[in-house]
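Participant: For reference, the structure I am asking about is given below.
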Amino acid sequence: MGQASVSRLSVRLAEKIAPGIRNSELLDVVTNVWGLTSRENIPIYRYDFRVLEEYPPKKGSKEPSFKEVTKQVRNE
């Protein structure tokens, strides 16, 4: 039986910024369930991203309902 070789990939971490500086930007993203393609190289970090499912309005309401499908807990 032969042996498989496994190579390690280098770990890539986000750049450190000075404490007290906070930046954020809200984006409206419309995509299908299977993929998301960005036109620019935009970093997306694990806890910065939420996925919402939109459902048609319930009877008697004009507003659609939303369900969050990403977990927002510390123990992910």
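Since every read-out is calculated from the coordinates, none of them should be taken as a lab result. All figures in this text were calculated on a predicted structure; none of them were measured in a lab. Backbone-built Cβ (ideal geometry, glycine too); neighbour counts: all protein chains shown.
Participant: Can you work out the Karplus-derived ³J(HN,Hα) for every residue in region 52-63? Use 6.51 cos²θ - 1.76 cosθ + 1.60 with θ = phi - 60°, whole Hz, and x for glycine or proline.
Facilitator: Computed from phi, the couplings for region 52-63 are 10, 9, 9, 10, x, x, 6, 4, x, 10, 9, 8 Hz.
Participant: Another question about this same structure. For the residues R39, R50, what sequence is obtained by ranking on other C-beta atoms within 10 Å, fewest first?
Facilitator: Details: R39 5, R50 10.
Listed from fewest to most nearby Cβ atoms, that is R39, R50.
Participant: Here's another thing I want to ask about it. Per-residue HN-Hα couplings for region 25-30, Karplus 6.51 cos²θ - 1.76 cosθ + 1.60 at θ = phi - 60°, whole Hz, x for Gly and Pro?
Facilitator: 8, 9, 10, 9, 10, 10
Participant: Quick check on packing: order 57-64, 11-18 by the mean number of other C-beta atoms within 10 Å, highest mean leading.
Facilitator: Details: 57-64: 7.8, 11-18: 6.1.
Listed from highest to lowest mean packing, they are 57-64, 11-18.
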